[in-house]
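Below you'll find the structure, written out as structure tokens, and then a few comments.
The values are calculated or read from the model by the stated rules, or taken from the named source; none is laboratory data. From a predicted model like this one, the values you see are computed outputs, not experimental measurements. Remember, those area values only see protein heavy atoms, side chains included, never the ligands or the DNA or RNA. Shrake-Rupley method; radii C 1.70, N 1.55, O 1.52, S 1.80 Å.
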Amino acid sequence: MSKLLFASFFTLMLVIGCDDDQPKVTVKTKPIALGIKTECVLCVGHEIDVMSDTPASEYDGKKYYFCSAHCKKAFDKDPAAAIVKNDATTQLSTQPSK
């Protein structure tokens, strides 16, 4: 009798599904260091130790990392312009002083 009751309950749960109103369980994990050092595309000179949760975007086959979600959002609006601006700023900042 108990096997029949269990089978009926199990079948009922498969048919109607579980209650979606139950709170979802989320597990937070610590970010993992990926061993990459780079510079934020928008904040020239801002060095980043890339972690597993570092904001990133891919553009034109290359992955770009950012110091903040704000920089990622700005980059995502117009990646080509951000890269051109970064290249120009980097060239100016690396020019030797006269």
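If you take the residues in region 22-74 that are of a type in the set (A, V, I, L, M) and open to solvent by 100 Å² or more (accessible area, probe 1.4 Å), which one is farthest from VAL84 (Cα to Cα)?
Step by step, filter region 22-74, then rank; the result is VAL25.
For region 1-10, indicate whether the set of residues that are modelled with pLDDT of 90 or more and outside any helix (DSSP H, G or I) is non-empty.
The answer is no; no qualifying residue exists.
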